[in-house]
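Accompanying notes for the structure given below.
The values are calculated or read from the model by the stated rules, or taken from the named source; none is laboratory data. Please read all numbers here as calculations on a predicted model, not as lab measurements. All Cβ positions, even for glycine, are placed from backbone atoms using ideal geometry, and neighbour counts span all protein chains on display.
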Amino acid sequence: MIKLESHNHYDLHTYPNGLRLITVPMEHTKSVTVLVMVATGSRYETKDINGISHFLEHMMFKGTTKRPGTLDISQELDSLGAEYNAFTGKEYTGYYVKCAADRVDVALDVISDIFQNSKFDSKEMDKERGPIKEEINLYLDSPPRRIGEVFEMLMYGDQPLGWDISGTKENIDEMQHADLLKYFENHYFDKNTIVAIAGNIQTEEMKKKVEKYFDNIRDGKRAEPTETQEDQKEPRFKVEYKKTDQTNINLGFRSYSRFHPKHEALEILGMILGGGMSSRLFVEVRERRGLAYHVRSGVTAYNETGNFVTYAGLGNANLIEGLKVILTEHKKLIEEKVTEKELNRVKDQIRGAFVIGLEQSDDLASFYGEQELLEHKIETPEERLAKITAVTAEDILEVAKDVIRPEKLSLAIIGPLEGDNEEIKEILNSW
C-alpha cells in the first residue's frame, strides 16, 4: 500500500464574506503555489457572448490601478522566476503563481491585485481580440486539440456544454466592453471564489495574508448555469473535413458526473482500455497492428454529466480498420470480466501516478481547490485512494455495461473524408 506524506493534510477556512481559503502545508518543498479559482466558465455563458469567460481571463493581465500595464505585471512575476498563467474551463476559471516560498507575499499581492483591481481598458480589449482569434486559429489548425471540441459539440449539441470555450471569431469581434464588465460583476466575487495555497507555508500566517490582500473583493450572489439537456437515442457521427495526413477521431459514450458513485470505477475502466503503453488499446492498435502512433482513453466529468472517450490519430488508410478494432476492444469490456491481475496492475498504476502528482505544490493546490469549488466538499488523497482500492472487477463490468451502449455513442472525426460516409454509418449502426 502506498503511504502518503502527512503534509498533504489541509485546512479550509471561510471568511465572513464567504471567500474560502484552502491551505496545504508541504514540509519538503521550497516552493509555494497561490491558485485563485472562480466558479464560472463557458457553461455560464449565453450564445451571443460565448467565449467571454476566456476573453475575461486574458483581460485580467492587461493592467490594474497599481500596475497600469501588462509589462508591469509580467516583469514583477518574471523577476521572481515564477511560473504563472491562467486557464478557462467549462465550469471554472483559474489564476495561479508558483514561486519560491519566501516570495509568497509578492505572489499574493499581484494575483489579488489583478483579481480585484483590473482596469479592463476598452482599447486593450480591442487589441486583445487579435491574439484570441489567433489562439482559436491555433486550435483549428491542430486536429488532436480540435477533435475534443468537435466531439463535445456532437455529444451535447447547441447548448453551453457543447460550445467551444474560446467562442467563435465572430463573437470575439462583436463582444462589447459592457458585456465584459457585466460578466465580471456577475461572477467574480467573494462567495464564488476560492484561494488555494500549497507549499512551504504556515496555515495561520496564510489566513492573515489572504485577509489582508483580498480585502477589496466584491460581494455578489452566485448564478446557476443552464441545465444540460440530454436526449440522445442512437449513435451520432460527425466529420469535420480537413486535408491532413492523419485522421483524428474521438469515439466516446455519455457517462457520469463528477458526483456519481461509480466515477472511480469508470476511471479505472478508462485506464484498462487506453491508459498507458500497457493498456489494451495501445497494445492492440499500435503495437500489434501499427495503425496509430497515439491512442488513449479517459474520462471527462462535469457537474451534471460526463463522457468516456477514446482518442486515436490513425493513418488515413487505416481509419476503418482502426475504428473496428477500437469498437471491438470496447465490446470486450462488456462481455468479459477483467481479471484480478489486470485490475490490480491498473490500480497500482493509478495510485503511483496520483502520488507523484501530489509532490508538486501546483497539483496539490488544484486537487483541493477544484473539489471545494465544484463539489463543496473535499476528499483527502487517502480517501481518494481508498475508493480506487475498493473497486472490484464486478464494478468494472457493471459500469462497462451501463456506459458502453450504442444509444450513448458519439464519433467525431477530423480528416480528409466526406461527412456522409456510409461505411462508417454501417459500422456504428451494426455495433
>> Among the residues of region 248-256, are any within 21 Å of Arg405 (Cβ to Cβ), in contact with a Ser or Thr (Cβ under 9 Å, 6 or more places away or on another chain), among the hydroxyl-bearing types (Ser, Thr, Tyr) and assigned by TED's automatic domain parsing to the domain that holds Glu423?
In response: yes
>> Of all residues being touching a Phe, Trp or Tyr at 6+ places or on another chain (Cβ under 9 Å) and basic (Lys, Arg) in region 79-115, which is farthest from Thr40 (Cα to Cα)? Just the residue, please.
In response: Lys98
> Is it fair to say Ile424 is closer than 13 Å to Lys262 by Cα, of a type in the set (A, V, I, L, M, F, W, C) and in contact (Cβ under 8 Å) with a residue 60 or more places away in the chain?
Replying inline: no
> Identify, please: which residue in region 379-431 is among the small types (Gly, Ala, Ser) and at pLDDT 95 or above and is, among those, surrounded by the fewest Cβ atoms within 10 Å (Cβ to Cβ)?
Replying inline: Ala390
>> Among the residues of region 369-377, are any touching a residue at least 40 places away in the same chain (Cβ under 8 Å), surrounded by 16 or more Cβ atoms within 10 Å (Cβ to Cβ), over 30 Å from Val283 (Cβ atoms) and touching a Lys or Arg at 6+ places or on another chain (Cβ under 7 Å)?
In response: yes
>> Considering only region 246-262, I want to know if a residue exists there that is farther than 17 Å from Ile326 by Cα, polar (S, T, N, Q) and in a strand (DSSP E or B).
In response: no
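From the list Val346, Val299, Val309, which residue is over 18 Å from Gly415 (Cβ atoms) and not in a helix (DSSP H, G or I)?
Val299
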> In this structure, is Gly148 surrounded by 17 or more Cβ atoms within 10 Å (Cβ to Cβ) and touching a residue at least 60 places away in the same chain (Cβ under 8 Å)?
Replying inline: yes
> Do you know which of the residues in region 100-120 that are part of a helix (DSSP H, G or I) and of a type in the set (Gly, Ala, Ser) is farthest from the chain's Cα centre (by Cα)?
Replying inline: Ala101
>> If I go through region 222-271 residue by residue, how many of them are out of contact with any Gly (no Cβ under 9 Å at 6 or more places or on another chain), small (Gly, Ala, Ser) and closer than 25 Å to Phe282 by Cβ?
In response: 2
> Across region 247-264, which residue is farthest from Ile147 (Cα to Cα) among those that are touching a residue at least 60 places away in the same chain (Cβ under 8 Å) and hydroxyl-bearing (Ser, Thr, Tyr)?
Replying inline: Tyr256
> How many residues does region 162-187 hold that are surrounded by fewer than 18 Cβ atoms within 10 Å (Cβ to Cβ) and hydroxyl-bearing (Ser, Thr, Tyr)?
Replying inline: 1
>> Cβ-Cβ under 6 Å, sequence separation 6+ or interchain: first residue in region 268-285 and over 16 Å from Val299 (Cβ atoms), partner small (Gly, Ala, Ser). Which pairs?
In response: Val285/Ala292
>> Any residue in region 33-61 that is closer than 10 Å to Thr93 by Cα and in the same structural domain as Cys99 (by TED's automatic domain parsing) sitting within a Cβ distance under 9 Å of a residue that is in a helix (DSSP H, G or I) and among the acidic types (Asp, Glu)? List the pairs, counting only those 6 or more apart or interchain.
In response: Met37/Glu370; Met37/Glu372; His54/Glu135
> Mind checking which residues of region 60-87 are part of a loop (DSSP other than H, G, I, E, B) and within 29 Å of the chain's Cα centre (by Cα)?
Replying inline: Met60, Phe61, Lys62, Gly63, Leu80, Gly81, Ala82
